[in-house]
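Here the structure is laid out as structure tokens; the discussion comes afterwards.
The values are calculated or read from the model by the stated rules, or taken from the named source; none is laboratory data. Remember, it's a predicted structure, so these values are computed and weren't measured experimentally. Here the Cβ is made from the backbone with ideal geometry for all residues, glycine too, and neighbour counts use every protein chain on show.
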Amino acid sequence: MNGFDSSADSEREHDEFEELMAISDEEMLAMPRPPCPICGAQEEELVVPVIYGYVSPDDPLLSEAEQGHVVFGGCIPPPGRLPWWACRRCGAMIAKDGTSTDAVPGGMYGPEPYGMRPLPPDQTEGIDPDDPPDTP
């Protein structure tokens, strides 16, 4: 299954993408961010919004991406659950509800989305992405 069939899941995914696209970049940047469900990162500079759509060469978001404040998700939504957030610490892609999606960072467009910069080792030391944090 390619994720773009006519099932109820596909329709729900399309509706969620439409909802996300209706949010302005400024609103997305101001939204509260969930903690990463994989490594537990909660800092705003570690859990960043995934911005979808075309980015022009003079778009101010390019600077935000270069600084690691946003990640570009491309113009075509990935199959499956839509990532709204990306964790710069462990690379997790995070759904609207704060759970991990099965999306691969960068998907079919490359090894990582534009703006996903590896963090220095001192910020990732001791994190095992295969061992999720304890939740209350």
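Answer yes or no: is there a residue in the stretch 87-100 that is without any contact (Cβ under 8 Å) to a residue 24 or more places away in the chain and buried (at least 19 other Cβ atoms within 10 Å of the Cβ). Taking every residue of the stretch 87-100 in turn, at least one turns out to be without any contact (Cβ under 8 Å) to a residue 24 or more places away in the chain and buried (at least 19 other Cβ atoms within 10 Å of the Cβ). Would it be correct to say that Gly53 is in contact with a Lys or Arg (Cβ under 6 Å, 6 or more places away or on another chain) and in contact (Cβ under 8 Å) with a residue 12 or more places away in the chain? Criteria not met by Gly53. Residue pairs whose Cβ atoms lie under 8 Å apart, sitting 6 or more positions apart in sequence or on different chains, and linking a residue in the stretch 62-76 that is under 12 Å from Leu29 (Cβ atoms) to a partner that is acidic (Asp, Glu) and part of a loop (DSSP other than H, G, I, E, B), are His69/Glu45. When you look at Gly74, is it modelled with pLDDT under 85, surrounded by 13 or more Cβ atoms within 10 Å (Cβ to Cβ) and on the phi > 0 side of the Ramachandran plot, yes or no? Judged against the criteria, Gly74 is a match. Restricting Glu18, Glu11, Glu27 to residues that are exposed (fewer than 14 other Cβ atoms within 10 Å of the Cβ), at pLDDT 90 or above and not in a loop (DSSP other than H, G, I, E, B) narrows the list to Glu27.
Results for (1) in a loop (DSSP other than H, G, I, E, B); (2) more than 16 Å from Phe17 (Cβ to Cβ); (3) modelled with pLDDT of 85 or more, shown as yes or no for each residue.
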residue: Val50; (1), (2), (3): no, no, yes
residue: Pro83; (1), (2), (3): yes, no, yes
residue: Gly91; (1), (2), (3): yes, yes, yes
residue: Ala103; (1), (2), (3): yes, no, no
residue: Pro133; (1), (2), (3): yes, yes, no
residue: Pro136; (1), (2), (3): yes, yes, no
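Taking (1) touching a Ser or Thr at 6+ places or on another chain (Cβ under 9 Å); (2) modelled with pLDDT of 90 or more; (3) not aliphatic (A, V, I, L, M) in turn, Arg33 satisfies each apart from (1). Exactly one residue out of Glu44, Glu26 is within 14 Å of the chain's Cα centre (by Cα) and free of Cβ contacts under 8 Å to residues at least 12 places away in the same chain, and it is Glu44.
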